[in-house]
Amino acid sequence: MQLTPGQLSDFLAKIVEKGLKDSLMIWGPPGVGKSSIVKAVANEDKRRFVDLRLSQLAPTDLRGLPGIVDNCSRWYPPSFLPVDGEGILFLDEINMAPPAMQGVAQQLILDRCIGDYQVPDGWFIWAAGNRREDKAAVFQMPSALANRFLHVTVQPDLDSFNRWGLQSGIAEEVLAFLAFRPVLLHKIHATEFAWPSPRSWVMADSLFKAGLPIAPAVGGVAAEFESFLSVYDDLPDIDAIAAGNSKAKFPKEPSKRYAIVLALVVRADTAEKALNCLSWMASAASAEWLQLFVTMFFPVLRDKGFLRSVVAAAATDPELQTVVENVRDLVLTS
């Protein structure tokens, strides 16, 4: 089953909610956010999170060391395995471990035990790994081990990254560039060490905010991003639009259109500014661009806590009533 990062987050949260303890394998390309999503689900539910890299362990490290108790040998489990409470035991990059190590993990994954160790009832066992087609240095997962998992595949998704980026404060310039060039959200480059992925764009955002070149994070696409930045010099005054004091026209160039849509979404940090931005878009932009704006805008307003007040105010404005009616389903689900 293929999922976007947003869908994967919802899927994992539902598994936790329903208490389904079947082991789960998450496949996907490097840099798409598999590990971050799993950790976020654990944090959201206030559960412990143990990230275990089998590729860095020997079989005896996982099984534990033998000892003699009452003339019988027993295995003493390692300290990193949980013994109580609730949480997620995450076997990241599991298929980077050699076959012998994957074989040792089979009992842990299927029977929730290994040697004398038993996984506590309150813990989920999930794993993740890259695929061979992702140019990752991985081993073939044995069919016996694969058959012990539920399997899902996560793919890069711009909408999910935008939603997360707007919540997390990713620079509007970065989000606008990716909206304009979505193919560059994730593009593995076989001959470069640095290439664009959701993970590397987060690193690029840090470099950009520090006033540094972003090429060390995303490689050659940095030159295209630098060219895109010149678009911002010709945008209408975003703060004036948010303040309700602008009669500017909607730009004609697609790059500028993406830039202004993202800029308005980011700058609308109060209900009043949000209503002003919505009013300007409704009067200046075509239906296609207004729909794109609203699709990004309303979830952000919901997260900020003033979606319903903006919608209520818009419903009293004859020019915005049609907008509210057209996105009623989005409002109701928000």
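Take the range 56-91 and flag every residue that is outside any loop (DSSP other than H, G, I, E, B), modelled with pLDDT under 85 and touching a helix residue (DSSP H, G or I) at 6+ places or on another chain (Cβ under 8 Å). Scanning the range 56-91 gives Pro59, Leu62, Arg63, Trp75. Ala128 meets the conditions (1) surrounded by 17 or more Cβ atoms within 10 Å (Cβ to Cβ); (2) not in a strand (DSSP E or B) in every case but one. The failed one is (2). Tell me, which residue of the range 235-291 that is aromatic (Phe, Trp, Tyr) and assigned to a helix (DSSP H, G or I) is farthest from Ala312 (Cα to Cα)? Once the filter is applied, the top-ranked residue is Tyr258.
Before we move on, is Ile260 in contact (Cβ under 8 Å) with a residue 12 or more places away in the chain and either touching a Lys or Arg at 6+ places or on another chain (Cβ under 6 Å) or of a type outside the set (A, V, I, L, M, F, W, C) (or both)? Here the answer is no, as Ile260 does not meet what is asked.
Table: residues versus (1) outside any helix (DSSP H, G or I); (2) out of contact with any helix residue (DSSP H, G or I) (no Cβ under 9 Å at 6 or more places or on another chain); (3) of a type in the set (Asp, Glu); (4) closer than 24 Å to Phe293 by Cβ.
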site	(1), (2), (3), (4)
Gly165	no, no, no, yes
Glu192	yes, no, yes, no
Ser200	no, no, no, no
Ser206	no, no, no, no
Ala222	no, no, no, no
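Against the condition at pLDDT 90 or above, in the same structural domain as Val265 (by TED's automatic domain parsing) and either surrounded by fewer than 22 Cβ atoms within 10 Å (Cβ to Cβ) or part of a helix (DSSP H, G or I) (or both), how does Val183 come out, does it pass? So Val183 passes the test. Scanning the range 1-54 for residues that are over 22 Å from Asp159 (Cβ atoms) and part of a loop (DSSP other than H, G, I, E, B) yields Gly19, Leu20, Lys21, Asp22, Ser23, Asp45, Lys46, Arg47. For the range 270-284, a tally of residues being in contact with a helix residue (DSSP H, G or I) (Cβ under 8 Å, 6 or more places away or on another chain) and acidic (Asp, Glu) returns 0. Filtering the range 274-289 for residues that are assigned by TED's automatic domain parsing to the domain that holds Thr316, within 23 Å of the chain's Cα centre (by Cα) and crowded, with 21+ Cβ neighbours inside 10 Å leaves an empty set.
Rundown of residues vs (1) exposed (fewer than 14 other Cβ atoms within 10 Å of the Cβ); (2) touching a residue at least 40 places away in the same chain (Cβ under 8 Å), yes/no style:
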residue: Ile188; (1), (2): no, yes
residue: Phe193; (1), (2): yes, no
residue: Gly211; (1), (2): yes, no
residue: Tyr232; (1), (2): no, yes
residue: Ile238; (1), (2): no, no
residue: Ile241; (1), (2): no, no
residue: Ala248; (1), (2): no, no
residue: Pro251; (1), (2): no, no
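The values are calculated or read from the model by the stated rules, or taken from the named source; none is laboratory data. Because the structure is a prediction, the values reported are computed rather than measured. Here Cβ is always computed from backbone atoms with ideal geometry, including for glycine, and neighbour counts include all displayed protein chains.
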